[in-house]
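Everything on this sheet refers to the single structure shown next.
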Amino acid sequence: MKKLTLILILSAILGISTLTGCGSSDKIKVKSTINAENSSKKNLVYLMAGKISTNENVNISPKITDKVTETYVDVGSKVKKGDLLIKLDSKELQAQVTKAEAAVNTAQANLVKIHSSARPEQIYQAQAAVDGAKAKYENSKTTYERNQKLFDTGAISKSQLEELQTSLVEAEASYNSSKASLDLLNKGETQESINIAESQVKEAQAALDIAKNQLENAVIISPISGVVTEKTINTGELAAAGSTLITVVNSDTMLINAYLPAAYINRVKVGQEVIIKVAEIPDKEFNGEIFMIDSVVDSKNKNILVKVSFKDQYMQLKPGMFVEVGVRD
């Protein structure tokens with residue numbers, strides 16, 4: 001009986017020792033893990049503050065005021081350079097282009113007419129008119145001269161002679177006019193007339209160019225490749241000239257302009273990996289790398305400009321966001 005009691009007591013003691021040993025081992029492991037994590041966090045020091053920037057960030061505005069008929073992108077849309085973003089109402093602008101094209105065609109036709117030689121049938125008709133006017137003039141002159149002799153002898157009255165004289169003047173004027181018309185056809189238009197016609201063509205073409213340019217302004221395209229980060233207009237709304245409708249950012253060129261106190265210059269170097277905290281996204285950290293350290297210290301605040309690039313592309317990041325940049329010892 002005493003032996004059994006001793007065995008039970010020893011078994012209980014060994015069991016407690018075994019359990020106690022396992023618990024101690026687990027506590028040591030947990031404690032080691034916590035210490036490692038705390039040690040890792042303690043080694044991360046935020047030395048710099050700055051702002052996200054980009055080499056390509058464009059606010060897109062219309063050059064004309066008109067109603068939006070179509071929108072082809074939204075916030076988050078990826079676009080390429082030259083992609084169509086927005087269309088404005090262009091019916092009135094198209095009508096202006098059509099009218100200007102008609103004016104150019106008319107001016108050009110007039111210039112061609114002035115430059116071209118007279119057709120043979122025109123010259124033939126003009127020559128016939130000259131011949132007829134000449135015959136009439138010579139006939140009137142002969143008649144007048146014969147009747148003047150009769151007047152001198154008193155055979156006709158003065159009024160009769162004056163009527164013949166009027167007919168002679170009219171015949172002479174008609175003859176001279178027909179000769180001038182024929183001469184103009186043979187010589188062509190004057191240089192002054194040609195210059196005026198050419199000027200009219202240039203003016204009409206300039207008006208057409210302006211109308212076409214206005215029509216092109218009704219189509220808004222992206223000047224860069226990137227991501228749409230802002231959109232302030234929808235179909236059917238009025239787009240005012242000069243107002244920002246869409247912002248496109250090239251996330252490939254996203255970077256940070258950070259400022260390091262000169263006293264810590266020995267703690268950073270080009271190529272060093274860093275951790276980035278963004279004020280607007282407090283629950284996430286981003287990975288980056290230093291790619292440039294300015295060699296000049298700002299004389300006012302004793303800071304040094306440090307440029308940091310992101311390791312990856314992050315859709316939620318935007319230019320203008322404030323950041324802190326941390327380095328590990």
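Between SER309 and LYS67, the contour length at 0.36 nm per residue exceeds the Cα-Cα span by 83.1 nm.
The separation of the range 185-258 from the range 287-319, counted between C-alpha centres, amounts to 38 Å. For THR166, THR54, the sequence from fewest to most other C-beta atoms within 10 Å is THR166, THR54. Backbone geometry of the range 65-82 corresponds, through the Karplus equation with coefficients 6.51, -1.76 and 1.60 at θ = phi - 60°, to 3J(HN,Hα) couplings of 9, 6, 7, 7, 9, 8, 10, 10, 9, 9, 4, x, 5, 8, 10, 10, 4, x Hz, x marking Gly and Pro.
With contacts taken as Cα pairs under 8 Å at a separation of at least 6 residues, the range 95-215 carries a relative contact order of 52 percent.
For the range 52-204, the equivalent ellipsoid derived from the alpha-carbon gyration tensor has semi-axes of 74, 16, 12 Å in decreasing order.
Every read-out reported here was derived from the displayed coordinates using simple, explicitly stated rules and does not represent laboratory data. What you are looking at is a predicted structure, and each value in this text was computed from that prediction instead of being measured. As a convention, Cβ positions derive from the backbone with ideal geometry for all residues, glycine included, and neighbour counts pool all protein chains shown.
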